[in-house]
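*Asks:* Before I ask anything, here is the structure I am working with.
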Amino acid sequence: MSDVANQSSELLDYNLFTTCPALVDAVARDAGAAEHDRLVALGERLGRAEMFALADAANRNPPVLQLFDRFGRRRDAVEFHPSWHELLKRLVAEGLHTGSWNDTGPGAHAARAAGYMLWAEIENGTQCPATMTYGAVPTLARQPEDFGEWLPLLLSREYDPRFVPTKHKRGALMGMGMTEKQGGSDVRSNTTRAEPAGARGPGREYRLTGHKWFFSAPMCDAFLVLAQAAGGLSCFFMPRHLPDGSLNTLRLQRLKEKVGNRSNASSEVEFDSTYAVLIGEEGRGIPTILEMGVYTRLDNAVASAGLMRQCVSQAVHHARERSAFGRLLIDQPLMRNVLSDLALECEAAVVLAMRLARTFDTGDDEAEILLRRVLTPVAKYWICKRTPGVCAEAMEVFGGNGYVEEGPLARRFRESPLNSIWEGSGNIMCLDVLRALAREPRAREALEAILSAAKGRDERFDAFLAKLSTELDSTQDVELRARKLSERIALAVQASVFLTHGPATSAEAFLATRLCSGPPGAFGTLPAGVNQGALIERVFRV
Ligand SMILES: Cc1cc2nc3c(=O)[nH]c(=O)nc-3n(C[C@H](O)[C@H](O)[C@H](O)COP(=O)(O)OP(=O)(O)OC[C@H]3O[C@@H](n4cnc5c(N)ncnc54)[C@H](O)[C@@H]3O)c2cc1C
């Protein structure tokens, strides 16, 4: 038997939080120093080998559709591997789903975002129901007379996977149904019909008939669903059990065979006179469900930053232990350039995601609310769009081992495009940036106010801002230019945070490569003179 030599070890049992100074600093800035100790403890728990093992098991043993019981009665249920349940139990116990609605401290949403970013390093399928539950809370809280009894269940720290009527549950999770076969981005094309069972209006019972082409986490206890009522597209609350405890009519058709995100079930479903309760007014379905969408988009940006960070950490760890041509990979100048460039991209993603999360904590501060309006689609677009490139490059650091399913990169690479696709695909996000700027001119003022804080510190940044301002002023071909504009707003915000808060090494490398050298190309093109070790240590310091 040959000896095994020059293979790197598993990266396990380390503190996910303290090894990421970029996130530690962002938490101090955007969530407050008081959150530090809690995140240190969380980072230690999440970095344990058993967490990595649970995540692998949940993704190697995907959920199974159970349409009927053995007697032929409909069940419309999905069975999950025990590792899925164990992961969700821990996620809910940590309050990473809805904790920031319970803890209303000054940096609650940003602190949750930091924790959620750490969870994203471990497992992403579980984040689907967690995020939808997080986003549903504010929508349901607007109608406490109808949904008040659900709120304690959604805020509960107890994961209760039993498929039983709500009155027996100790905790509940939520999903959503918007996308239909003929259209997902353009939800106005929804054909699912809603008929009032009696009187119409908010809180009243309706019957829905139609289908949803993507309906994830169908074992959730209830869903926000769009359907056409007489007054137009409307948002409904659809529980899996009826108030009398019997099963509601959600006919699961099949589960999607997905590229990644395999621990999570994504179903196709049909409704046949299915019980649901109207949320808000008839015809106000899009704004009602979009309130949920703002939170889910924040989570997409946060989770993609976490996914990037785990891939970069794995790559750096491997390069520190693997030699080629007589030197460790990490000491090969070109590989060092690749790793430090990846680390810089990851730090920039952490910075932008956390700055966005801060806008969710600012109460009535109008400038921050306006900033949130424009920064949410910007960050969702740009961070999610950069993620597959980072994951692919990190995979290549492993050479052939990177492309093997047993390794840590394969699952994450398959996951990496998803956050860009759902919850508003890339183009939809960029068009939303235009809509935010056009409909609310003060959103641009709020954006320019935070950017101007960094003005005068570097000529390259000032020139970039001046050009961005001209590009934003022009209405010519604006839809065609929406991606470029969104990208440049993201880069400007990232650069402004680096310039005002440092570190100087990251600021210098970012300005030199992201603001001044044309379109972002392959990673590994930082100029000579950059302190590459310092960049790497910002996202993975051991
Ligand atoms: C794993 C997974 C789970 C999902 N789970 C759910 C779920 O639980 N609930 C749910 O409701 N949905 C879910 N979805 C659906 C997802 O949100 C939609 O797929 C997504 O919104 C895009 O809709 P679509 O697939 O109909 O594509 P389309 O709307 O047809 O879009 C196709 C492409 O065209 C682009 N495009 C659309 N309009 C324009 C335009 N005006 N200008 C330029 N480009 C445009 C889009 O950006 C996209 O790239 C899930 C999707 C996946 C992959």
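*Asks:* Helix 49-60: angle to the longest alpha-carbon principal axis of the chain, degrees 0 to 90, nearest 10?
*Replies:* 60 degrees
*Asks:* So, one more: For helix 21-30, report the angle its Cα long axis makes with the longest principal axis of the Cα atoms of the chain; keep it between 0 and 90° and round to the nearest 10°.
*Replies:* Its long axis makes an angle of about 60 degrees.
*Asks:* What percentage of the solvent-accessible surface of the range 95-222, computed with a 1.4 Å probe over protein heavy atoms, is contributed by carbon and sulfur atoms? Could you put the intermediate results ahead of the total?
*Replies:* Numbers: 2380 of 4670 Å².
Carbon plus sulfur share of accessible area: 51 percent.
*Asks:* What's the percent breakdown of Cα-Cα distances in the range 166-285 across 5 Å bins, shortest bin first?
*Replies:* 2, 12, 22, 24, 20, 12, 5, 2, 0
*Asks:* On a straight-distance basis, which lysines could pair with K169 in a cross-link, Cα separation under 17 angstrom, same-chain partners fewer than 8 positions away excluded?
*Replies:* K89
*Asks:* Related question: For the range 329-402, give the percent of accessible area contributed by carbon and sulfur heavy atoms, probe 1.4 Å, rounded to a whole number.
*Replies:* Details: 1050 of 2020 Å².
Carbon with sulfur: 52 percent of the solvent-accessible area.
*Asks:* If I fit a long axis through the Cα atoms of helix 482-501 and take the longest principal axis of the Cα atoms of the chain, what angle between them do I get, 0 to 90°, rounded to 10?
*Replies:* 60 degrees
*Asks:* A further question on this structure: Among the lysines, which fall within straight-line cross-link reach of K484, defined as a Cα-Cα distance under 25 Å, with same-chain neighbours fewer than 8 residues apart omitted?
*Replies:* K380, K385, K455, K467
*Asks:* Right, here's the next one. Carbon and sulfur together cover what percent of the accessible area of the range 463-535 at a 1.4 Å probe radius?
*Replies:* 55 percent
*Asks:* Compute the projected area of the convex hull of the Cα atoms of the range 364-459, averaged over all viewing directions, and report it in nm² to one decimal place.
*Replies:* For the range 364-459, the mean projected area of the Cα convex hull comes to 9.0 nm².
*Asks:* Rounded to the nearest whole Å², what accessible area per residue is found for the chain with the 1.4 Å probe? Working shown, then result.
*Replies:* On the way: 21640 Å² over 542 residues.
Result: 40 Å² of accessible area for each residue.
*Asks:* Using unit Cβ charges (K, R positive; D, E negative) and no other charged atoms, how large, in debye to the nearest 20, is the dipole of the chain about its Cα centre?
*Replies:* 820 debye
*Asks:* For the range 484-505 and the range 66-88, what is the separation of their C-alpha centers, rounded to whole Å?
*Replies:* Using only Cα atoms, the two centres lie 46 Å from each other.
*Asks:* Something else about it: Could you list which residues have their amide H under 5 Å from that of A172, counting only those 5 or more apart in sequence or on another chain, with H placed in the peptide plane?
*Replies:* The list, which skips near neighbours in sequence, is L154, S156.
*Asks:* Okay, next question. Using θ = phi - 60° and the Karplus relation 6.51 cos²θ - 1.76 cosθ + 1.60, list the HN-Hα couplings for the range 288-300 in order, rounded to whole Hz, with x at every Gly or Pro.
*Replies:* 3J(HN,Hα) across the range 288-300, in whole Hz: 5, 6, 5, 4, 5, x, 5, 6, 5, 5, 4, 5, 4.
*Asks:* Along its three principal axes, how long is the chain when you only count alpha carbons? Whole Å, largest extent first please.
*Replies:* 72, 68, 42
*Asks:* How much of the DSSP beta bridge set in the chain is antiparallel, as a percent to the nearest 5?
*Replies:* 90 percent
*Asks:* Under 22 Å from the Cα of K212, which lysines turn up, not counting those fewer than eight places away in the same chain?
*Replies:* Within reach: K181, K256, K258.
*Asks:* Using only helices, what value at 222 nm comes out for the chain when you add -39,500 (n - 2.57) per DSSP H run of length 4 or more and divide by the total residues, to the nearest 500 deg cm²/dmol?
*Replies:* About -16000 deg cm²/dmol.
*Asks:* Along the charge dipole of the chain, pointing to its positive end and built from +1/-1 on Cβ of Lys, Arg, Asp and Glu, which listed residue (G529, M132, H36) has its Cα farthest out?
*Replies:* Checked the options; the winner is M132.
The values are calculated or read from the model by the stated rules, or taken from the named source; none is laboratory data. Predicted model, so just to flag it, every value in this text is computed and none were measured. Note that each Cβ is placed from the backbone with ideal geometry, even for glycine, and that neighbours are counted across all protein chains shown. Accessible surface is based on the protein model in full, side chains and every heavy atom, while ligands, DNA and RNA are left aside. Shrake-Rupley method; radii C 1.70, N 1.55, O 1.52, S 1.80 Å.
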